[in-house]
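A.B. asks: Mind having a look at this structure? Questions to follow.
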Amino acid sequence: IISEISNKLKTVEKIIILCSEADFPKDLEFDKEVLCYETLLNNENALNSWPDFSENTASSLCYTSGTTGNPKGVLYSHRSTIIHTLAAANPDALKLSALDVVMPIAPMFHANAWGIPYVATMVGAKIVLPGRNLTGENIYKLLEEEKVTFTAAVPIIWLMLFDYLEKNKKKITHLKSCAIGGTACPKFMIENFLEKHDVQVIHAWGMTETSPLGTVNKPLRKHNKLNKNEKIQLATKQGRPIYGVDIKITDDDGKELPRDGKCFGNLWVKGPWICSGYLNISNSDTHKDNGWFLTGDVATIDNDGYMQITDRVKDVIKSGGEWISTIEIENIAVGHSKIFEAAVVGALHEKWDERPILLVIAEKELTKKEIF
């Protein structure tokens, strides 16, 4: 693709291709200087010792379009990254140690692979990097051959894995826990992992702007007395803020709403690794002087501090004055045995202003009656 459009990229001077020297494409034509990533690395000298610099020095940069749709840079410092790593490793967060084999499937350009490579390195855990071939079969082979104990990815990855496991009558044997985020984790997925493979799902929430961990769903002591269905229902929430993070919900006028698990409003977050602004953007409506960041999510918070995302502000459907959660409908739909993927969009309606439309990828024999 880049080869075809290279002559139109007027400001680009050089193109770096991420590959080994053996895989460098020699049959493509470019009108720019083209460099091999691995060759560039091989020509550099390794560090003899770790340099001494301020902890506020920039460590990494990720871009996001989550809040406003326009790409915005989030620049992390070494300080914020280290503090986030210390908090993420705790027992009530990801609970990782040197005994674990960690495979972060979330890519490193996605909020630094959710910070997991840093945590694994800090505690001395073995790291398995899966590469780009994220088929259900390949993921299963890596989980089993490398004896992975902890992994993390968005729900679509696990849908592909479940499909492979079901068709080939396979079972996961080494995996102990799996962090799921990026979008709400469906209830059936938590049940499937637990009941069929004895894997504990860690439902979490975060953003590029939160480095990325904000909340993690781990039970309190009082939840030990809950039955299995009640525990699974609790696990569908995105959880409580990890140490260092504060959250709140407000109405559109900025008034804080009660933590009763029923009222939903705009989700705000604050903490030492929450970004204070975007790169080279002087004014941002999502950042406040007192450190609060407006996430763009709509959520509820219960009296135990468990937060549950109900939708994105830009995605929520307002029908007849009531808010309808697209996430809730999608999660119900993908719980159907014949539906592989689902998405809900809003459509204009003469009477109700908006109504939800459900789009599904499903088996051919699925009927409309079965869905409704």
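The values are calculated or read from the model by the stated rules, or taken from the named source; none is laboratory data. Predicted, not measured: the structure shown is a model, and the values here were computed from it. Here Cβ is always computed from backbone atoms with ideal geometry, including for glycine, and neighbour counts include all displayed protein chains. Just the protein is used for accessible areas: all its heavy atoms, side chains included, with ligands, DNA and RNA removed. Shrake-Rupley method; radii C 1.70, N 1.55, O 1.52, S 1.80 Å.
A.B. asks: In nm, to one decimal, how far is the modelled label at Phe188 from the one at Thr57, with both set 7 Å along Cα→Cβ?
C.D. replies: Placing both labels 7 Å beyond Cα along the Cβ direction yields 5.1 nm.
A.B. asks: Sticking with this one: With all protein chains present, how much of the accessible area of the chain (probe radius 1.4 Å) comes from carbon and sulfur, to the nearest whole percent?
C.D. replies: 52 percent
A.B. asks: Next question, about the same structure. Tell me, how many Å apart are the Cα centres for the range 36-54 and for the range 260-285?
C.D. replies: Going from one Cα centre to the other spans 35 Å.
A.B. asks: Measuring from label point to label point, each 7 Å out along Cα→Cβ, what is the Lys231 to Phe372 span in nm?
C.D. replies: That separation, rounded to one decimal, is 3.9 nm.
A.B. asks: Same structure, new question: Given a Förster distance of 56 angstrom, what is the FRET efficiency for Cys19 paired with Ile361, based on the Cβ-Cβ distance and rounded to 0.05?
C.D. replies: 0.95
A.B. asks: Let me ask something additional. Run the reach check for Lys14 against lysines, Cα to Cα strictly under 26 Å, same-chain hits fewer than 8 apart removed. What comes back?
C.D. replies: The qualifying lysines are Lys26, Lys32, Lys72.
A.B. asks: What value, in deg cm²/dmol to 500, does the helix sum -39500 (n - 2.57) over DSSP H runs of n ≥ 4 give at 222 nm once divided by the residues of the chain?
C.D. replies: Computed ellipticity for the chain at 222 nm equals -6500 deg cm²/dmol.
A.B. asks: What label, among (1) 24, 56, 20, 0; (2) 27, 50, 20, 3, 0; (3) 27, 48, 23, 1, belongs to P(r) over Cα pairs in 20 Å bins from 0, in percent computed from the structure on display?
C.D. replies: (1)
A.B. asks: Compute the distance from the alpha-carbon center of the range 149-171 to that of the range 183-216, in whole Å.
C.D. replies: About 14 Å separates the Cα centre of the range 149-171 from the one of the range 183-216.
A.B. asks: Taking only Cα atoms and a 10 Å spring cutoff, compute GNM fluctuations for the chain and point out the largest among Pro107, Pro91, Pro212.
C.D. replies: Evaluated over the chain, the most mobile residue of the options is Pro91.
A.B. asks: Per residue, how much accessible surface does the chain expose to a 1.4 Å probe? Answer in Å², no decimals.
C.D. replies: For the chain, the solvent-accessible area averages 58 Å² per residue.
A.B. asks: Subtracting the Cα-Cα distance from 0.36 nm times the residue separation, let me have the gained length for Asn133 to Lys288 in nm, one decimal.
C.D. replies: Gain in length upon complete extension: 51.7 nm.
A.B. asks: Hey, another quick one. Quick one: which residues, 5 or more positions from Ser59 or on another chain, have an amide H under 5 Å from its amide H? H modelled 1.01 Å from N in the peptide plane, none for Pro or chain starts.
C.D. replies: Amide H neighbours of Ser59, under 5 Å, 5+ apart: Tyr76, Ser77, His78.
A.B. asks: At what distance in nm do the modelled label points of Thr121 and Thr173 sit from each other, each positioned 7 Å from its Cα along Cα→Cβ?
C.D. replies: Result for the modelled spin labels: 3.3 nm.
A.B. asks: Moving to a separate point now. What list of ³J(HN,Hα) values in whole Hz, one per residue of the range 195-204 in order, does the Karplus curve 6.51 cos²θ - 1.76 cosθ + 1.60 (θ = phi - 60°) give from phi, with Gly and Pro shown as x?
C.D. replies: 7, 8, 10, 6, 10, 8, 7, 9, 7, 9
A.B. asks: Determine, from the Cβ-Cβ distance of Asp27 and Asn224 and an R0 of 41 Å, the FRET efficiency 1/(1 + (r/R0)^6), rounded to the nearest 0.05.
C.D. replies: 0.10
A.B. asks: Something else about it: Can you compute the radius of gyration and Dmax for the range 136-181, using only the Cα atoms, both in Å?
C.D. replies: Cα only, the range 136-181: 9.9, 26 Å (Rg, Dmax).
A.B. asks: Under a straight-distance cross-link criterion of Cα-Cα below 17 Å, which lysines are reachable from Lys270, leaving out those fewer than 8 residues away in the same chain?
C.D. replies: Lys248, Lys255, Lys288
A.B. asks: Select from His174, Asn45, Phe293 the residue farthest towards the positive end of the dipole of the chain; place +1 on Cβ of Lys and Arg, -1 on Cβ of Asp and Glu, and compute about the Cα centre.
C.D. replies: Among His174, Asn45, Phe293, the one farthest towards the positive end of the dipole of the chain is His174.
A.B. asks: In whole Å, what is the distance between the alpha-carbon centres of the range 328-372 and the range 60-132?
C.D. replies: Each part's Cα centre sits 33 Å from the other's.
A.B. asks: So, one more: Quote the charge dipole size of the range 14-81 about the Cα centre in Debye, to the nearest 20; the model charges only the Cβ of Lys and Arg (+1) and of Asp and Glu (-1).
C.D. replies: That gives the range 14-81 a dipole magnitude of about 420 debye.
A.B. asks: Students often forget the sequence filter, so: which lysines lie under 23 Å Cα-Cα from Lys147 once same-chain residues fewer than 8 apart are removed?
C.D. replies: Qualifying lysines at Cα under 23 Å: Lys95, Lys126, Lys167, Lys169, Lys170, Lys171, Lys176, Lys196.
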